[in-house]
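A.B. asks: Let me begin by handing over the structure; questions about it come next.
Every number in this text was worked out from the coordinates using simple rules, so none of it is lab data. The structure presented is a predicted model; accordingly, all values stated were derived computationally and were not measured. Glycine also receives a Cβ, built like all others from the backbone with ideal geometry; neighbour counts cover every protein chain displayed.
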Amino acid sequence: MIDNFLSWSHLESALAVTEALGVLAFTYSGLVVAARKGLDMVGMAMVAGITAFGGGTLRDILLDHRPFFWVEHRYWLWVLAALTLAFVLLLRNHGNLEQSTHAIQVSDALGLGLFAADGTQMALNQGEPAVVAVLMGMITAVFGGVLRDIVCNDIPSAFSDREAYALCALAGGWTLVGTLSLGLSPTSALILATAVTAGIRLLVVMTGFAMPKWERARRSAQP
Amino acid sequence: MIDNFLSWSHLESALAVTEALGVLAFTYSGLVVAARKGLDMVGMAMVAGITAFGGGTLRDILLDHRPFFWVEHRYWLWVLAALTLAFVLLLRNHGNLEQSTHAIQVSDALGLGLFAADGTQMALNQGEPAVVAVLMGMITAVFGGVLRDIVCNDIPSAFSDREAYALCALAGGWTLVGTLSLGLSPTSALILATAVTAGIRLLVVMTGFAMPKWERARRSAQP
Amino acid sequence: MIDNFLSWSHLESALAVTEALGVLAFTYSGLVVAARKGLDMVGMAMVAGITAFGGGTLRDILLDHRPFFWVEHRYWLWVLAALTLAFVLLLRNHGNLEQSTHAIQVSDALGLGLFAADGTQMALNQGEPAVVAVLMGMITAVFGGVLRDIVCNDIPSAFSDREAYALCALAGGWTLVGTLSLGLSPTSALILATAVTAGIRLLVVMTGFAMPKWERARRSAQP
């Protein structure tokens, strides 16, 4: 149905724009964390690159797939260097890190959704079973940020902030697997899965939802 | 001799049980560290998985071997999720982390032994030279915990606790290489190597042995 | 020109000596950091190995290239173990970590140069485009230290010390690409690229050059 509604070239463009928004949002998050940690310009560029491309690269290593995204689309490497430079200049003049504007949150959610769906799709295409493919999609979408935090000497926020970031990615991945098995076209399934992940993610952000967390019983602390 | 003593199906079962005990012990250690670090449920499941399967996955990446253990035996992914859930529920009600019961220490030692021997064996089968194969066995057995500590923002305990954890794995690996070259059957060599590693490991735990450590000479502190 | 000046066997020897100096300097830096962090002997050996061979291993994983340097030249594994032992004994008797003698700085700069040039060359040989090849050269030369710092629970000094370590490697890589495209022989290009990286690196060390760093504007701190 979606396929009839939109022409192919429109779809291609929409996916390319979504991808670019996602990469930019991830790059930005890498730059912000790196700046906060006091990294130099080289470190900022590296951490930005690891955040944007680390998840997909890890998935490709696990799936033994080449070439990497940033080898095939290597203009991104130049974009990354330019963005780092622009970011540093901006910070010098302003010094304020607007981290959570709506535009960035939406871009990040779209990136999370598209990368999870795309990673799942690629793993399915290589013949991986559903549960592994969904996991690969999650790794694609989430492990860039995980690697960013490891390099920056933090506990990964995706593992500790109780915002269920990885669960959103898993939900999208299962949506893709389910709708494909119901006979939906790959493109429609990709769009639906992206929307599911991004939708849940934005709901979490808007509602301030937090996963239950284990609290150590502090009996001895009671008088 | 061992081959004659036990039938093949008994051996298969014994190895499968040992493997399961090892995976469970490693999973448990991941859950305990993750809980202590205040990770959320997603983080606990991820760290548990990295602890249990990270060493073997790293070895397979280094050896360029596919599929991974957790892809071939992917029911473990569901077991892992279920264990994380059970662990969280248990903690909510009890709040005590019994980390070092004898059952867990023995399981961990058996896992260390089997994974080291198994990893060495697999590397030998791929034509790696002895010293590389033994190193791969050690990586299989030890680097799950190393990755766990890196993700949890700790210095790897295997590198700093002076308990010679990695040396136990290396001892088992060399036992495998040595006994194979003396003509022992692969199964007997595997069992012997597992026993050597596990035995030394349990001796270390029981005796409280600690490797010598470098202490900075503090001459200037003397009056 | 260089090719005519020196015979091939002299070149081979010079490159082998440079390589050995580089590996030794990287090993030493790993041992120093590990000792400072209070790692035990196993941890020191592991961190030394990761520092010396981690960058090349990561490059080989990214390029899907086997065998690794330390598998092909596995006598280095024994050298590493022996060096760790010698280092620990030395520390016990002296307790002073001379980290920045001129000999070590020059060796480190030579290693940085050769590994960057060599990594770039290998990636070009595998058909990678120039920008990717130069990046692979940088990863070869720099990421051993990055992994060392991650394992030792530090923010990578290459990302934060403002000494432009990675930029020196990139400069050498681009020198290699440029001179090759101008028709220089591979050996001459390798030597030139190594000299460029090592030269800039030593200049940085001698002049105390520091990259500009972003400073958060502290307006509110003003009275």
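A.B. asks: For each of C:THR187, C:THR194, B:THR57, count neighbouring Cβ atoms within 10 Å of the residue's Cβ, then give the residues from fewest to most.
C.D. replies: Fewest to most other Cβ atoms nearby, the residues stand as C:THR187, B:THR57, C:THR194.
A.B. asks: At 7 angstrom along the Cα-to-beta-carbon line, where would the label on A:MET206 sit relative to the other copies? Give the distances in nm, shortest first.
C.D. replies: For A:MET206, the inter-copy label distances come out at 6.3, 6.3 nm.
A.B. asks: Now for a different question. Residue farthest toward the positive end of the dipole of the range C:2-211, with Cβ of Lys/Arg at +1 and Asp/Glu at -1: which of C:ILE50, C:LEU11, C:CYS168?
C.D. replies: C:ILE50
A.B. asks: Between copies, how far apart are the C:ASN93 label points? List them in nm, one decimal, shortest first, with each point 7 Å from Cα toward Cβ, please?
C.D. replies: So the label point of C:ASN93 gives 6.2, 6.2 nm to the other copies.
A.B. asks: Okay, helix-only estimate at 222 nm for chain C: each DSSP H run of n ≥ 4 adds -39500 (n - 2.57), divide by all residues, round to 500 deg cm²/dmol; what do you get?
C.D. replies: -25000 deg cm²/dmol
A.B. asks: Arranged by the count of other C-beta atoms within 10 angstrom, fewest first, what order do C:THR84, B:THR207, B:THR179, B:THR120 take?
C.D. replies: Working: C:THR84 24, B:THR207 8, B:THR179 19, B:THR120 34.
Ascending Cβ contact count within 10 Å gives the list B:THR207, B:THR179, C:THR84, B:THR120.
A.B. asks: Follow-up. If a/c stays under 1.5 just call it rounded; otherwise compare a/b with b/c (prolate if a/b is bigger, oblate if not). Do that for chain C, with a ≥ b ≥ c from the square roots of the Cα gyration tensor eigenvalues.
C.D. replies: oblate
A.B. asks: How high is the relative contact order of the range A:65-153? Use alpha-carbon pairs under 8 Å, at least six apart in sequence, and give a whole percent.
C.D. replies: Worked out over the range A:65-153, it gives 20 percent.
A.B. asks: Sticking with this structure for a sec: In vacuo Debye scattering of the protein assembly as shown, one point per C-alpha: log10 I(q)/I(0) at q = 0.10 Å⁻¹?
C.D. replies: -1.03
A.B. asks: Right, here's the next one. Report Rg(Cα)/(2.2 N^0.38 Å) for the range A:102-187, keeping two decimals.
C.D. replies: Working it through for the range A:102-187, the quotient is 1.13.
A.B. asks: Compute the label-point distances linking A:GLN126 to its equivalents in the other copies; points lie 7 Å from Cα along Cα→Cβ; give nm, one decimal, shortest first.
C.D. replies: List, nearest first: 1.5, 1.5 nm.
A.B. asks: Can you compute the modelled spin-label distance between B:ALA195 and B:THR207, with each label point 7 Å from Cα toward Cβ, in nm?
C.D. replies: Modelled inter-label distance: 1.9 nm.
A.B. asks: For the range C:2-211, what is the relative contact order in percent, using Cα pairs closer than 8 Å and at least 6 residues apart in sequence?
C.D. replies: Normalised by residue count, the contact order of the range C:2-211 is 24 percent.
A.B. asks: What distance in nm separates the simple spin-label points at C:ASP154 and B:TYR75, each placed 7 Å from Cα in the Cβ direction?
C.D. replies: The modelled label-to-label distance comes out at 4.7 nm.
A.B. asks: Still on this structure, please answer the following. Show me, for the range A:41-47, the HN-Hα J-couplings you get by feeding each phi into the Karplus relation (A = 6.51, B = -1.76, C = 1.60, θ = phi - 60°), rounded to Hz, glycine and proline as x.
C.D. replies: 4, 4, x, 5, 5, 5, 5
A.B. asks: Please compute one quarter of the surface area of the Cα convex hull for the range B:145-211 and express it in square nanometres.
C.D. replies: Values: hull surface 20.4 nm².
The directionally averaged projection comes out at 5.1 nm².
A.B. asks: Which value in Å does the Kirkwood hydrodynamic radius of the range C:28-156 take, with 1/r averaged over all unlike C-alpha pairs and then inverted?
C.D. replies: Numbers: mean 1/r = 0.0652 Å⁻¹.
When all Cα pairs of the range C:28-156 are included, the Kirkwood radius is 15.3 Å.
A.B. asks: Now for a different question. Charges on Cβ only, +1 for Lys and Arg, -1 for Asp and Glu, centred on the Cα centroid of the range B:76-176; of B:PHE87, B:MET138, B:GLY111, which one is farthest towards the dipole's positive end?
C.D. replies: B:PHE87
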